Each structure stands twice: as structure tokens, then as C-alpha cells.
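The values are calculated or read from the model by the stated rules, or taken from the named source; none is laboratory data. A quick note: this is a predicted structure, and the numbers were derived from the prediction, not measured. In this analysis, Cβ positions are derived from the backbone assuming ideal geometry, glycine residues included, and neighbour counts consider all displayed protein chains. For the accessible areas, the whole protein counts, side chains as well, though only heavy atoms, and no ligand, DNA or RNA atoms are used. Shrake-Rupley method; radii C 1.70, N 1.55, O 1.52, S 1.80 Å.
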Amino acid sequence: MPQNRMIEDNYRQRGLRNKLVKIIRQKGISDERVLAAIAKMPRHVFFDDALLTHAYEDKAFPIGEGQTISQPYTVAFQTQLLTVKQGDKVLEVGTGSGYQACILMELGAKVYTIEYNKKLFEQTKSFLPRIGYSPFFFYGDGSKGLPSKAPFDKILVTAGAPVIPDALTEQLKDNGVLVIPVGGRDRQSMIRITKSTGKLVKEEFDYFAFVPLLGKVVGKKIHRVTT
Ligand code: SAH
């Protein structure tokens, strides 16, 4: 994460971003609000100098502490599934670089973001306000949700979970939506859970590969969720 580098955004970087948006549109992202947020967000400012030239590739990259900034297509896919509305109260589990949190804020969400790694938590908490984004930052195990701030309109998990944590479905408002990659270490299916008059409705989408959700994950195997 760039701590002291000048943060600038020039026409070249904007051009690279427009190309990136074209690529993720071709891969199937159609929500114009999500595409506009990706087009606006200077992803290069989240990168260390050594990796700067890769900032607009549609790939995940290391952000230190063994963690990654998600692939832009993946960020767009999860954000699109979350159907964020202006003013939605959103919990993000896995702050990481903060890129995804900024995208959610661009869509008008009130963002609560929780990170398990102390160093990343501290870095991102001091960095994001410098580029104009101030979500509410929390340090801890997000697989337990954030009970003190619940319930949420939307919950987004940006690490791969072995099961759907009970705490997260419990902390959803009625008509709330949880987007979470669930599966093994190597790949997970993208799951969307919608709470509808107390019942959990499950939809399953493509496979992705996320870094693992750490902490104490207590929850149901996916097949036990009502479809
Ligand atoms: N949303 C991030 C992606 C980061 S990768 C971004 O836009 O950059 C996943 C992140 O989840 C890592 O930073 C990892 O430390 C964090 N994480 C893993 N398990 C967690 C848990 N139980 N609670 C909170 N954060 C967790």
C-alpha cells in the first residue's frame, strides 16, 4: 500500500481504466452503475510501486500479509449481485486494500468494513481517508458479523468461506441480501442469500477463487439452506 507516494490520476490511467471496464463488460457485467464506479476508481493508488504497472490488469494482486486485492471482474460481479441502493447499510467482511469498500461507497452505501489482519486494518484505515473515502472501520473476526451495528441491508464477504456463517444471515434485515463465496480452499461458488419474511432463499452463481475466510466460522453447509 502506498503510504507516502503522491496520489495522482492522469489521462493515461483513465484510459487504462476505460479499457478495463470494456473487458469486464465483455465478461458479462451489465450494471451501468457498477461499471461507472470501476471506471471512476483509481485502482493504481491501492498498489505498491513495484506492482504499479499491473494496476489495470483484470487480475488479483498481493497487498501484503498474504492477502490480495480482488480481481476487478470479481469485485464487479459481487457488487452487481449485491444490488446496492443509495443509503443501504452495508457490511463488508474482509477490508483488505479497501478498494471494494470504495466501490460500495461510490454506489451510495453506508459502509461498515471489518478486517481480521491488524496490519491491513491499520494501513487501510489510515489510507482510505487520504483518497477521500471514510467508511466505518472495524478490527476483528467478520465471520461473526458486526453484532453491535446489525442489522444490515446488505452483507458482502470478500474471502472464501467453508460454510455460510449463521451470524451473517442473522444480521440481515428482512429483504436483506448476503453475497458470499462458499466452498473449498481452491474454489468457491458465489452464493446469494436473500432473506424473505425470515426465510433464506439461495441462488448459486459461478466459481471463483478467494483467499480463505479466517477466524471461527460457525454455520450451515449450503445444502441445508432453503432454495
Ligand atoms: N475486499 C478486499 C479483498 C481483500 S482479500 C479488497 O477490496 O482489497 C480478503 C480479506 O479478508 C483479507 O484482507 C483478509 O485478511 C480478510 N479476512 C479473512 N478472514 C477474515 C475474517 N474472518 N474477518 C475479517 N476479515 C477477514
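Please tell me if G142 is on the phi > 0 side of the Ramachandran plot and modelled with pLDDT of 95 or more. Criteria not met by G142.
Looking at the range 170-199, which of its residues are closer than 15 Å to G145 by Cβ and open to solvent by less than 40 Å² (accessible area, probe 1.4 Å)? Let's see the steps before the verdict.
Taking the range 170-199 and keeping what is closer than 15 Å to G145 by Cβ, we get 170-173, 176-180, 193, 195.
Of everything in the range 170-199, those that are closer than 15 Å to G145 by Cβ and open to solvent by less than 40 Å² (accessible area, probe 1.4 Å) turn out to be Q171, L172, G176, V177, L178, V179, I180, I193, K195.
Among the residues of the range 129-147, how many are assigned to a helix (DSSP H, G or I), touching a residue at least 40 places away in the same chain (Cβ under 8 Å) and either open to solvent by 30 Å² or more (accessible area, probe 1.4 Å) or more than 12 Å from the ligand (Cβ to nearest atom) (or both)? Steps first, answer last, please.
Looking only at the range 129-147, we keep the residues that are assigned to a helix (DSSP H, G or I), and these are 129-131, 142-144, 147.
From what is left, the residues that are touching a residue at least 40 places away in the same chain (Cβ under 8 Å) are 130-131, 142-144.
Filter again for either open to solvent by 30 Å² or more (accessible area, probe 1.4 Å) or more than 12 Å from the ligand (Cβ to nearest atom) (or both), leaving 130-131, 144.
Residues that pass the stated criteria total 3.
If you go through the range 37-52, how many residues are in a helix (DSSP H, G or I) and touching a residue at least 40 places away in the same chain (Cβ under 8 Å)? Don't jump to the end; show me each part of the working.
Here is the first cut: in the range 37-52, the ones in a helix (DSSP H, G or I) are 37-40, 43-46, 49-52.
Now narrow it down to the ones that are touching a residue at least 40 places away in the same chain (Cβ under 8 Å): 37-38, 40, 43, 45-46, 49.
Count: 7.
Of all residues in the range 99-120, those satisfying the criterion of being under 11 Å from the mean Cα position of the chain (by Cα), touching a residue at least 40 places away in the same chain (Cβ under 8 Å) and more than 6 Å from the ligand (Cβ to nearest atom) are C102, I103, L104. Across the range 53-83, the qualifying residues are those that are touching a helix residue (DSSP H, G or I) at 6+ places or on another chain (Cβ under 6 Å), more than 9 Å from the ligand (Cβ to nearest atom) and open to solvent by 10 Å² or more (accessible area, probe 1.4 Å), and the one among them that is nearest to M105 (Cα to Cα) is Q80.
For the range 95-123: of the residues being out of contact with any Leu (no Cβ under 8 Å at 6 or more places or on another chain) and of a type in the set (A, V, I, L, M), which is nearest to P42 (Cα to Cα)? Out of the qualifying residues, it is I103. Close contacts from the range 148-169, counting a first residue that is more than 21 Å from A209 (Cβ to Cβ) and open to solvent by 20 Å² or more (accessible area, probe 1.4 Å) and a second that is modelled with pLDDT of 95 or more and part of a strand (DSSP E or B), with Cβ to Cβ under 6 Å and a gap of 6+ residues or different chains, come to K149/Y112; P151/K173; D153/K89; D153/K173; D153/G176.
Among the residues in the range 163-186, are any touching an Asp or Glu at 6+ places or on another chain (Cβ under 7 Å) and more than 23 Å from G64 (Cα to Cα)?
As a first pass, look at the range 163-186 and keep what is touching an Asp or Glu at 6+ places or on another chain (Cβ under 7 Å): 173, 176.
Right, trim to more than 23 Å from G64 (Cα to Cα) and you get 173, 176.
Checked against the condition, which is being touching an Asp or Glu at 6+ places or on another chain (Cβ under 7 Å) and more than 23 Å from G64 (Cα to Cα), the range 163-186 yields at least one hit.
When every residue of the range 27-39 is checked against the conditions, at least one turns out to be open to solvent by 60 Å² or more (accessible area, probe 1.4 Å) and either of a type in the set (S, T, Y) or closer than 23 Å to A167 by Cα (or both). Residues in the range 85-128 that are of a type in the set (V, I, T), within 19 Å of Y139 (Cβ to Cβ) and not in a loop (DSSP other than H, G, I, E, B): V90, V93, V111, T113, I114, T124. When each of P129, P162, P151, P181 is tested for being under 16 Å from the mean Cα position of the chain (by Cα) and of a type outside the set (G, A, S), the lone residue that passes is P181.
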